[in-house]
Amino acid sequence: VQLQASGGGLVQAGGSLRLSCSASGLTFRRYIMGWFRQAPGKQRELVAVIRSGGNTIYADSVKGRFTTSRDNAKNMVYLQMNSLRPDDTAVYYCAADQHLIWGRAHFSSEYDYWGQGTLVTVSS
């Protein structure tokens, strides 16, 4: 299984970015896909999770600003980030797991597969 995240970069506060994650080596529609982030000196935290059918979970800090979506035909998952703030600065990772319990989807330890991460920097 390979996950490849892309789309990070430098953006001013209030701006937008769209992250993409391509997946290969798995039956994509069977997997729950998560977005996590890790800022310097902080623990990795959930940003958003999406089930194959489209059910989602968002961290409180990004609700109303970020939207995750997936295209099962293309083996892709996306994270649209709007109204970015300096505290959104982090390395963003996509993750995948087939069997995790939905109620535990916010725990990074529940995911078997991880992408390499893409850096998002939001300047004030």
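The values are calculated or read from the model by the stated rules, or taken from the named source; none is laboratory data. The structure displayed is predicted, hence computed values, not measured ones. Glycine also receives a Cβ, built like all others from the backbone with ideal geometry; neighbour counts cover every protein chain displayed. All accessible areas refer to the heavy atoms of the entire protein, side chains included, with ligands and DNA or RNA removed. Shrake-Rupley method; radii C 1.70, N 1.55, O 1.52, S 1.80 Å.
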Task: Exposure ranking of MET33, MET76 by accessible area [1.4 Å probe, largest first] - done: MET76, MET33
Open item on the list: Residue by residue through the stretch 66-76, what is 3J(HN,Hα) from phi via Karplus (6.51 cos²θ - 1.76 cosθ + 1.60, θ = phi - 60°)? Round to whole Hz and write x for glycine and proline.
Closed with: 10, 9, 9, 8, 9, 10, 5, 6, 9, 6, 10
Task: For the chain, size of Cβ-based charge dipole, Lys and Arg +1, Asp and Glu -1, in debye - done: 220
Task: Share antiparallel - DSSP beta bridges, the chain, percent rounded to 5 - done: 90
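Full-extension gain between GLN2 and ARG104, please, as 0.36 nm times their residue separation minus the C-alpha to C-alpha distance.
Once the chain is fully extended between GLN2 and ARG104, it gains 34.5 nm.
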- [ ] Quick one: which residues, 5+ away or cross-chain, put their amide H under 5 Å from the amide H of GLY117? H built at 1.01 Å from N.
- [x] ALA5, CYS94
- [ ] Calculate the spin-label point distance for ASN82 paired with SER16, positioning each point 7 Å from the Cα along the beta-carbon direction, and give it in nanometres.
- [x] 0.6
Open item on the list: Amide H of PHE66 versus every other amide H placed in the peptide plane: which residues, excluding those fewer than 5 positions away on the same chain, fall under 5 Å?
Closed with: ASN82
Task: Cβ crowding within 10 Å averaged over residues, with 15-21, 97-103 ranked highest first - done: 15-21, 97-103
Task: Two-decimal Rg/Rh across the chain, once Rg and the Kirkwood Rh are taken from alpha-carbon atoms - done: 0.94
